[in-house]
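So the structure is just underneath, and the comments pick up after that.
The values are calculated or read from the model by the stated rules, or taken from the named source; none is laboratory data. The shown structure was predicted, so the numbers you read here are calculated from the model rather than taken from an experiment. Heads up, the Cβs are rebuilt from the backbone with ideal geometry, glycines too, and the neighbour counts pull from every protein chain shown.
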Amino acid sequence: MKSILDETGYIFLKEFKPEKTIREICSELGQIQEIPNFPIIQTLKPTVQRESKINTYSGNYGFGIFPLHTDFAHWYLPPRYLMLRCIVPSKDVYTYILQVNELIKDLDRLTILRAMFIPRKRIQGRISLLRFNQRDKNYNLFRWDELFLNPANSEGKEVAEAFRSLDRKECEEICMKDIADTLIIDNWSMAHGRSKVKLADAERLIERVYLEGLN
Amino acid sequence: MEITKSSNGWSNESFLNKARRYASIMKEQDRDSWLFGFWSALTLEMIARATLTKISPVLIADGKEWNNIYFALGFKPGVSKFSEKSVGIAEVLQRIEKIYPEFTHEMFNFTLTHFNKRNREIHSGDLAFDGIGISSWLPMYYQVSKTLLDQMEEDFESVFGEEEKLIADDLIGSLKDQTAKSVQETINAHKTVWESKSPSAKDQLIEEAKIWSSRHFGHRVDCPACNSVALLYGNPIGPPTISVEDNNIIEKQKMLPSNLECVACGLKISGYSKLNACGLGDTFTSTSRYDPAEYFGIESYENPYSGDDDYND
């Protein structure tokens, strides 16, 4: 499974082991990533803007389109994988996903190397510059989030513009229209978003868990 | 990998990102403005600290207070109002010089001087960067920056940008040319004086040089001006290799040349870049022999009562 994800950036498992809970699936497939002050299993339900916290996607976009982003992009080292599992399906709501490498293939190598962002808020009382493409001998990750990051240099602005001007048709569209449809995304190489939600789909319910690693 | 909310402010990544930010500001300045020099010093300080923290953030922790080391290791000291303290930049440079032989003593001296200007700018009423033409410092500045970034396997242009890389390559090239020209002039001048000596004077000086070199530590080479035996001195690079031979401890240490002295013609060349320019830049090995007691610092034990007849039965 890890090798497929390394190559494609995501796996979509149609109606995957519906008899099992998401926690059981996670234990089978990898290692759950615990995040301080976050429940291990989060439930995602479309929420109107005014009913949501201002520092959340629902708080900003409500039933509207969620732009492409990587989760926890404002953290120095974000979680590696996220798993989305359908509890209450919807036929008309799509998760958009895109390999960041595809988005940036027309950008200059130096733009990618030099692009930096600043988190909008201090984290743990501190604020640091964050590279768009942060890498080390042990890892290589991309980060982007319209809501939580501001470009810190001209290269950062170029990357931000590339994301904002992207035609959504270039993204893969995954529709979690059956119970137990399971989508695993490599949060370090893929950006994801969500389509608009109509009122008829307001009951859509997705469970989300972060994974540290895969078997 | 462990998720991390915010980076340790002493991480290699943090320092390099700061260097990128400062370098952008530096490039926005007019090259003749004092601000160009000022921001260049701030940029280089970030690069220097990044160089050490590439190995480990512990290397910049001020060891006088253990909590600084604890912080560098990624922990949160349980001390109220803790404020992490790192070593001063001079100490950073000394450590870099010891760890990375490519960072020569000349580079060390240049960098320290450059940082002293920054200190004077901030801590005094002096205008430390005004009236100093960039030709006097920018080539060496870029050479030092590139050397440090190379140690981190970081592209120069990732910090300074592509355009500046082209300028830097030109300036570093011209620095090498200038150094080569200057050392050749020195060698030629000594050669000319040497050629004007009589054969008997030369023979005597050659003999004296042989005797002198046999009585002093150094690596024997042929003097580039007069071909007599000259001595090359150097700075240690890397850890020594230790072996045992005939009950002696043999320590071999690789050395990077730093000075040349010839007592026959009086030629003296100082600085690795000049030595390299005249073909004397190869490393050499210094071999030392120790007896084990000397090497391990064991004092020889003598029976305090030996020869003391009062206590012998």
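Output yes when any residue across region B:79-87 is part of a helix (DSSP H, G or I) and among the hydrophobic types (A, V, I, L, M, F, W, C), and no when none is.
Checked against the condition, which is being part of a helix (DSSP H, G or I) and among the hydrophobic types (A, V, I, L, M, F, W, C), region B:79-87 yields no hits at all.
Does region A:98-123 hold any residues that are of a type in the set (A, V, I, L, M, F, W, C) and under 26 Å from A:ILE184 (Cβ atoms), and which are they? Lay out the reasoning, then the answer.
As a first pass, look at region A:98-123 and keep what is of a type in the set (A, V, I, L, M, F, W, C): A:98, A:100, A:103-104, A:107, A:110, A:112-113, A:115-118, A:123.
Scanning region A:98-123 gives A:LEU98, A:VAL100, A:LEU103, A:ILE104, A:ILE112, A:PHE117.
Pick from B:PHE115, B:PHE15, B:PHE108, B:PHE103: which is buried (at least 20 other Cβ atoms within 10 Å of the Cβ), away from chain A (no Cβ under 14 Å) and in a helix (DSSP H, G or I)? Write out each step before concluding.
On the way: B:PHE15 fails: away from chain A (no Cβ under 14 Å); B:PHE108 fails: buried (at least 20 other Cβ atoms within 10 Å of the Cβ); B:PHE103 fails: in a helix (DSSP H, G or I).
It is B:PHE115.
Exactly one condition in (1) modelled with pLDDT under 90; (2) surrounded by 14 or more Cβ atoms within 10 Å (Cβ to Cβ); (3) in a helix (DSSP H, G or I); (4) more than 17 Å from the chain's Cα centre (by Cα) is not met by A:CYS26; state its number.
Every listed condition holds for A:CYS26 apart from (1).
Give B:ARG120, B:ARG95 a once-over and let me know the one that is assigned to a helix (DSSP H, G or I) and touching an Asp or Glu at 6+ places or on another chain (Cβ under 6 Å).
Numbers: B:ARG95 fails: touching an Asp or Glu at 6+ places or on another chain (Cβ under 6 Å).
Residue meeting the stated conditions: B:ARG120.
Taking region B:46-100 only, how many residues are crowded, with 20+ Cβ neighbours inside 10 Å and more than 24 Å from B:ARG20 (Cα to Cα)?
Counting residues in region B:46-100 that are crowded, with 20+ Cβ neighbours inside 10 Å and more than 24 Å from B:ARG20 (Cα to Cα) gives 2.
Which of the residues spanning region B:36-63 are in a helix (DSSP H, G or I) and free of Cβ contacts under 8 Å to residues at least 24 places away in the same chain?
B:TRP39, B:VAL58
So which residues in region B:89-108 are within 8 Å of the chain's Cα centre (by Cα) and of a type in the set (Val, Ile, Thr)?
B:ILE96, B:THR104, listed by residue number.
State which residue is farthest from A:LEU130 (Cα to Cα) when the search covers only region A:85-119 and only residues that are free of Cβ contacts under 8 Å to residues at least 60 places away in the same chain and in contact with a Leu (Cβ under 8 Å, 6 or more places away or on another chain). Reasoning before the result, please.
Initially, region A:85-119 is screened for residues free of Cβ contacts under 8 Å to residues at least 60 places away in the same chain, giving A:104-119.
Among the residues that remain, those that are also in contact with a Leu (Cβ under 8 Å, 6 or more places away or on another chain) are: A:116-119.
Values: A:MET116: 5, A:PHE117: 5, A:ILE118: 6, A:PRO119: 8 Å.
The qualifying residue farthest from A:LEU130 (Cα to Cα) is A:PRO119.
Any residue at all in region A:184-195 that is exposed (fewer than 13 other Cβ atoms within 10 Å of the Cβ), outside any strand (DSSP E or B) and either at pLDDT 90 or above or out of contact with any strand residue (DSSP E or B) (no Cβ under 9 Å at 6 or more places or on another chain) (or both)?
no
Scan region B:1-33 for residues that are among the small types (Gly, Ala, Ser) and at pLDDT below 85 and jot them down.
Step one: of region B:1-33, the residues among the small types (Gly, Ala, Ser) are B:6-7, B:9, B:11, B:14, B:19, B:23-24, B:33.
B:SER6, B:SER7, listed by residue number.
Quick check, is A:LEU130 touching a strand residue (DSSP E or B) at 6+ places or on another chain (Cβ under 9 Å), of a type outside the set (Lys, Arg) and at the interface with chain B (Cβ under 10 Å from one of its Cβ atoms)?
Values: touching a strand residue (DSSP E or B) at 6+ places or on another chain (Cβ under 9 Å): yes; of a type outside the set (Lys, Arg): yes; at the interface with chain B (Cβ under 10 Å from one of its Cβ atoms): yes.
So A:LEU130 passes the test.
Which ones in region B:119-154 are in contact with a Leu (Cβ under 7 Å, 6 or more places away or on another chain) and among the charged types (D, E, K, R)?
Scanning region B:119-154 gives a single hit, B:GLU154.
Only one residue in B:ASP150, B:ASP169, B:ASP177, B:ASP203 is in a helix (DSSP H, G or I) and in contact (Cβ under 8 Å) with a residue 40 or more places away in the chain. Which one? Before you say what the answer is, go through the steps one by one.
On the way: B:ASP169 fails: in contact (Cβ under 8 Å) with a residue 40 or more places away in the chain; B:ASP177 fails: in contact (Cβ under 8 Å) with a residue 40 or more places away in the chain; B:ASP203 fails: in contact (Cβ under 8 Å) with a residue 40 or more places away in the chain.
Result of the check over B:ASP150, B:ASP169, B:ASP177, B:ASP203: B:ASP150.
For region B:18-35: of the residues being in a loop (DSSP other than H, G, I, E, B) and touching a helix residue (DSSP H, G or I) at 6+ places or on another chain (Cβ under 6 Å), which is surrounded by the most Cβ atoms within 10 Å (Cβ to Cβ)?
Taking region B:18-35 and keeping what is in a loop (DSSP other than H, G, I, E, B), we get B:29-33.
From the residues that got through so far, the ones that are touching a helix residue (DSSP H, G or I) at 6+ places or on another chain (Cβ under 6 Å) too are B:29, B:31.
Values: B:GLN29: 15, B:ARG31: 13.
My answer is B:GLN29.
Among the residues of region A:82-103, are any within 14 Å of chain B (Cβ to nearest Cβ) and over 30 Å from A:LEU199 (Cα atoms)?
Let us first name the residues in region A:82-103 that are within 14 Å of chain B (Cβ to nearest Cβ), namely A:82.
Right, trim to over 30 Å from A:LEU199 (Cα atoms) and you get none.
No, region A:82-103 has no match at all.
Testing A:ASP136 on (1) more than 17 Å from the chain's Cα centre (by Cα); (2) in contact (Cβ under 8 Å) with a residue 40 or more places away in the chain, one condition comes back false. Which one is that?
Of everything listed in (1) more than 17 Å from the chain's Cα centre (by Cα); (2) in contact (Cβ under 8 Å) with a residue 40 or more places away in the chain, A:ASP136 misses just condition (2).
Of all residues in region B:67-119, count the ones that are small (Gly, Ala, Ser), in contact with a Phe, Trp or Tyr (Cβ under 8 Å, 6 or more places away or on another chain) and farther than 19 Å from B:LEU42 by Cβ.
Quick first cut of region B:67-119, residues small (Gly, Ala, Ser) only: B:72, B:74, B:78, B:80, B:83, B:86, B:88, B:90.
Within this subset, residues satisfying the condition of being in contact with a Phe, Trp or Tyr (Cβ under 8 Å, 6 or more places away or on another chain) are B:72, B:86, B:90.
Still in the list and also farther than 19 Å from B:LEU42 by Cβ: B:72.
Of the residues in that region, 1 qualify.
Is it fair to say A:SER165 is more than 10 Å from every other protein chain (Cβ to nearest Cβ), out of contact with any strand residue (DSSP E or B) (no Cβ under 9 Å at 6 or more places or on another chain) and modelled with pLDDT under 95?
Numbers: more than 10 Å from every other protein chain (Cβ to nearest Cβ): yes; out of contact with any strand residue (DSSP E or B) (no Cβ under 9 Å at 6 or more places or on another chain): yes; modelled with pLDDT under 95: yes.
Here the answer is yes, as A:SER165 does meet what is asked.
Can you give me the number of residues within region A:92-126 that are under 17 Å from A:PRO78 (Cα atoms), at pLDDT 90 or above and of a type in the set (A, V, I, L, M)?
Counting residues in region A:92-126 that are under 17 Å from A:PRO78 (Cα atoms), at pLDDT 90 or above and of a type in the set (A, V, I, L, M) gives 3.
Looking at region B:18-42, which of its residues are hydroxyl-bearing (Ser, Thr, Tyr) and within 14 Å of another protein chain (Cβ to nearest Cβ)?
Step one: of region B:18-42, the residues hydroxyl-bearing (Ser, Thr, Tyr) are B:22, B:24, B:33, B:40.
Matches in region B:18-42: B:TYR22, B:SER24.
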